[in-house]
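Below: one structure, written as structure tokens.
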Amino acid sequence: MADPDTPATSQGPVTISSSSAERAPIVYFDGASCFGHHNGAIQIELAANLLMPVGAAVRVDVVQTAHLRCSVAAALALREALDKALAMYQQGRQQPTEEIPAVKN
């Protein structure tokens, strides 16, 4: 994640307004329940699982958390960002972890 106090060395053609960052919603989802396209817009429905107690058991309800709509160009940019984030995740998992000694002398 970029440090907000350090200016980027190469600014791209788009500058994100700093006043919008703290107002943007956080969207959590467990999966995409369905997808399609209409009039050139990509449509993806995001959904999350809710655990609902039913007596001594648990029922899983699936609820929509967001209706994602974007252009094809934006969908390609999102896919690229997801691919890069997943690659970062995999790289972090492959790095050996250092064992912490139980007692230091």
Just to confirm a number: summing +1 for Lys and Arg and -1 for Asp and Glu over residues other than Leu50 whose beta-carbon lies under 15 angstrom from that of Leu50, what do you get? -1
Could you give the alpha-carbon Rg of the chain over 2.2 N^0.38 Å, rounded to two decimals? 1.58
Once amide H atoms are built 1.01 Å from N in the peptide plane, which residues 5 or more positions from Asp30, or in another chain, come under 5 Å H to H? Ala47, Ala48, Asn49
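So, R0 is 25 Å and r is the distance between the beta-carbons of His67 and Arg23; what FRET efficiency does that work out to, to 0.05?
Values: r = 19 Å, r/R0 = 0.76.
E between His67 and Arg23, to the nearest 0.05, is 0.85.
Read-outs: derived from the displayed coordinates by stated rules, not from any lab. Note that the coordinates shown come from a computational prediction; the quantities given were computed from them, not determined experimentally. Backbone-built Cβ (ideal geometry, glycine too); neighbour counts: all protein chains shown.
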